[in-house]
Amino acid sequence: MIDWIGYGWMWAEGSGPDTYFADLTLEVPRGDVVAAAAVSGFSVGLLERDPGSIAAYIRQYAHYDSGILSLRDLPPDPTNNVLPIKDCTWIRFRTTVFQARAFAQGLVFHHAAPPPAPPEPNPKITAPKWSVRDYDVHVGNTKLGSHRIMALARGSTLPVRKILARSAAEAARHFGVARRRVVTRPARRSARRSGSAARSRVF
C-alpha cells in the first residue's frame, strides 16, 4: 500500500555538441519505496542533421543493507527509470539532454508500514436455537389466554417464572379478578380449533 508520494522537478537545456544534465536528490524517511523518473515535457532540435535526445533515470541511491548504510550507483541507462528500493534513505535522479530542452520529474512512492494483524474474524452469525414451551392462562375453569416462552436452547438465563407471574398479574387487572384466580399451567398439545368465537382484546 502506498502511504505517500514525494516528487521534485528537473529542467535541462542544451545546444551544440555537448550533453547537458540536471540532477535531483530526494531524501525520504527510511523505508521501502518505488522510485521513478519521467519526462513531462520537451522539445528536440537537430545538430548537423543529427536529432537531439532526452533521458531521465535513477543514477544513485542510498539504502540500508543488513543494517549498514550502502550507496548504489546505477549505469546511466534510460531503462533505469523505475526501481523498487528496500530500506531507502535518498535517491538521486538525472535528466540529460542533447540539442534539446526538457522538464522531468523524480518521484518516490513510499510504502506504508505493514498494517497490524487483523482482529480475529467474528464467528459466523446464525440464528439461535430455542426451547419452546406453551402455557394456558385460566381464570377459574375458563381458559382466557396463552403464553409461549421461547428460551434459548443453550445458556438460557430467562426468568420464566417471573415473566409468567407478571403476565398473570396483568390478566387479573384486565379481567377485574383477584390475582389468585388467574392460573397459568403448561398447555396440553392439541389441534388448534379454527374460528374462535372470542373477541380480540388488547391489554
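A short reminder: the numbers here are calculations on the coordinates, not readings from a lab. On a predicted model such as this, the values are computed, not experimentally measured, just so you know. FYI the Cβ positions are ideal-geometry reconstructions off the backbone, even for glycines, and counts take in every protein chain you see.
Beyond 22 Å, what share of the Cα-Cα pairs of the stretch 2-111 remains, rounded to the nearest whole percent? Write down the numbers at each step before the final one.
Details: 2015 of 5995 pairs.
For the stretch 2-111, the fraction of Cα-Cα distances above 22 Å is 34 percent.
Just report the Cα centroid separation between the stretch 36-112 and the stretch 136-190, whole Å. Taking the Cα centre of each part, the stretch 36-112 and the stretch 136-190 sit 84 Å apart.
Straight-line cross-link partners of residue 162 among the aspartates and glutamates, defined as a Cα under 17 Å from its Cα and at least 8 positions apart when in the same chain: 134, 136, 170.
Could you tell me whether the chain comes out rounded, prolate or oblate from its Cα gyration tensor? Rule is a ≥ b ≥ c as square roots of the eigenvalues, rounded for a/c under 1.5, then prolate if a/b exceeds b/c, otherwise oblate.
Working: a/c = 6.76, a/b = 4.38, b/c = 1.54.
Prolate.
Starting from the Cα-Cα distance between residue 27 and residue 134, subtract it from 0.36 nm times their residue separation and give me the gain in nm to one decimal.
Details: separation 107, 0.36 × 107 = 38.52 nm, distance 7.60 nm.
Between residue 27 and residue 134, full extension yields an extra 30.9 nm.
A protection proxy built from the mean count of other Cβ atoms within 10 Å ranks the segments 23-35, 5-17, most packed first, as 23-35, 5-17.
Here each label is just a point 7 Å from Cα along the line to Cβ, and for residue 148 and residue 173 those points are 2.6 nm apart.
Taking each residue as 0.36 nm, the span from residue 19 to residue 74 lengthens on full extension beyond its C-alpha to C-alpha distance by 17.9 nm. Return one number: the angle in degrees, 0 to 90 and rounded to the nearest 10, between the long axis of the Cα atoms of helix 160-175 and the longest principal axis of the Cα atoms of the chain. Taking Cα atoms only, the helix is inclined about 60 degrees.
For residue 5 and residue 49, what is the calculated FRET efficiency with R₀ set at 30 Å and r taken between the beta-carbons, to the nearest 0.05? Walk me through the intermediate numbers first.
Details: r = 41 Å, r/R0 = 1.37.
Here the calculated transfer efficiency is 0.15.
Counted by Cβ distance under 14 Å from residue 99, the other residues give a net charge of -2, where Lys and Arg count +1 and Asp and Glu count -1.
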